[in-house]
Amino acid sequence: MYPNFIGIGAQKAGTTWLYRNLQGHPEIHMPRKEDHYFDRRIYDRSNALTRLLGKRDADAQWRRQVKRVTTQMVKKRSLEDLARNYRYYMTPYNDRWYASVFEPETGKVVGEITPAYSALDRDKIAHVFELMPEAKIIFFVRNPIERVWSHTVMSFDKVQKASVGVVPEEELFRKLERKSTRKLTDYLGTLENWSAFYPEDRIFVGFLEDVRFHPGELLRTLYAFLGVDPSFEPPRPSKKVHTRAKDEMPTEVAVHLARTYRDEITQLHERFGGYASFWLYCAERLIDAPPHNDSVPYPLWESTAWQDWTTESQRAPDRRPIQSGPLSSLDAL
């Protein structure tokens, strides 16, 4: 009753797009996104009563979710859905609870996506492996400079309810330097930890550039990896999610992140080449010749750097195969 596959992140690297396009496949069952069992709930010993009366942020969030879902279930008048949601919200968190989330539908491949799993330590991954030794792992990545900026903007928008544009500079840069942010951007560390348990041919690495330039081919490759019909075409695979009205990044921030992550990006370039080489091209360009403008286009493939790199490297995106695929097949391009 446990998932056949798990999406482990990275945060702000296309996981919502991934969820929507996997969930829409008729042979895939994904009841929820971001269950946060192995990074949060597995250590939560609360019950329905303590959550109802509790003062934690998690308790307040639980009460909001229960209220919203109850309203939906009353309107829907589905006893089956009501029972499923009762188990999800009212029973204690443990391995049995986690299994109950994924009640299998006959013949379907079952999965979940929780981007925070990319930062799990090995002892926690060992527990995942104990429950699901045959699972397949999906890990999407993006330019570290972009991922950190996107994550930071989301943090201010959702957590602090403040626009990043009005946040004091000191507070902004403190947020950029958080240890949790660095850990969520340590792609090679994530792959090393998960591949200590799962063979490389069962770990799929997806690049956000392929979501942008090759969404259909990326999905066909991913469907085949999961063992479902690769010919299925979702309604709008190229539809963007979580886009912002103003797609720009402050130049000062971009240069700072380029300097901060240059070593990691260099290692990614050496391991994967391809899109990771573009990330390094951007980082070196930002460091060596910072733009005079106050902001740079975001994502960075919208900047002149993309056209310059594709011209110099002769890797025009419409004339090259996708880079995403099983880790075992990802030789440097």
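Sub-7 Å Cβ pairs linking a first residue in the stretch 283-299 that is closer than 18 Å to D247 by Cα to a second residue that is charged (D, E, K, R) and assigned to a strand (DSSP E or B), at least 6 apart or interchain, are S295/E248; V296/E248; P297/E248; Y298/E248, ordered by first then second residue.
For (1) of a type outside the set (G, A, S); (2) without any contact (Cβ under 8 Å) to a residue 60 or more places away in the chain, each residue gets a yes or a no:
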{"site": "I28", "(1), (2)": "yes, no"}
{"site": "E34", "(1), (2)": "yes, no"}
{"site": "R41", "(1), (2)": "yes, yes"}
{"site": "L52", "(1), (2)": "yes, yes"}
{"site": "A60", "(1), (2)": "no, yes"}
{"site": "V69", "(1), (2)": "yes, yes"}
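Across the stretch 268-287, the number of residues qualifying as over 19 Å from L184 (Cβ atoms) and touching a Lys or Arg at 6+ places or on another chain (Cβ under 7 Å) comes to 1.
Taking the criterion of being of a type in the set (F, W, Y) and out of contact with any helix residue (DSSP H, G or I) (no Cβ under 7 Å at 6 or more places or on another chain), the only residue of the stretch 44-94 that qualifies is Y86.
Just to be sure, is S231 part of a loop (DSSP other than H, G, I, E, B) and either buried (at least 17 other Cβ atoms within 10 Å of the Cβ) or not acidic (D, E) (or both)?
Numbers: part of a loop (DSSP other than H, G, I, E, B): yes; either buried (at least 17 other Cβ atoms within 10 Å of the Cβ) or not acidic (D, E) (or both): yes.
Yes.
Looking at the structure I just gave you, is I265 under 22 Å from Y187 (Cα atoms), part of a loop (DSSP other than H, G, I, E, B) and not aromatic (F, W, Y)? Against the criterion (under 22 Å from Y187 (Cα atoms), part of a loop (DSSP other than H, G, I, E, B) and not aromatic (F, W, Y)), I265 does not qualify. Every condition in (1) modelled with pLDDT under 95; (2) surrounded by fewer than 15 Cβ atoms within 10 Å (Cβ to Cβ); (3) part of a helix (DSSP H, G or I) holds for P290 except the one numbered (3). At least 2 residues being among the polar types (S, T, N, Q), at pLDDT 90 or above and surrounded by fewer than 17 Cβ atoms within 10 Å (Cβ to Cβ) is the threshold, and among the helices (runs of 4 or more DSSP H) wholly inside the stretch 1-93 those reaching it are 15-23. Select from the stretch 82-111 the residues that are farther than 25 Å from T50 by Cβ and out of contact with any strand residue (DSSP E or B) (no Cβ under 9 Å at 6 or more places or on another chain) and list them in ascending order. Across the stretch 82-111, the qualifying residues are T106, G107. Beta carbons closer than 9 Å, at least 6 apart along the sequence or on distinct chains, pair a first residue in the stretch 316-333 that is more than 22 Å from T304 (Cα to Cα) and modelled with pLDDT of 70 or more with a second that is among the hydroxyl-bearing types (S, T, Y) and assigned to a loop (DSSP other than H, G, I, E, B) for L330/S324. Exactly one residue out of S195, S238 is among the polar types (S, T, N, Q), surrounded by fewer than 20 Cβ atoms within 10 Å (Cβ to Cβ) and more than 24 Å from S118 (Cα to Cα): that is S238. Is it fair to say I125 is assigned to a strand (DSSP E or B), hydrophobic (A, V, I, L, M, F, W, C), at pLDDT 95 or above and under 23 Å from P326 (Cα atoms)? Taking the combined requirement at face value, the residue does not satisfy it. Would you confirm, using the coordinates I've provided, whether E146 is among the charged types (D, E, K, R) and more than 23 Å from N21 (Cα to Cα)? No: the conditions fail for E146.
The values are calculated or read from the model by the stated rules, or taken from the named source; none is laboratory data. The structure presented is a predicted model; accordingly, all values stated were derived computationally and were not measured. All Cβ positions, even for glycine, are placed from backbone atoms using ideal geometry, and neighbour counts span all protein chains on display.
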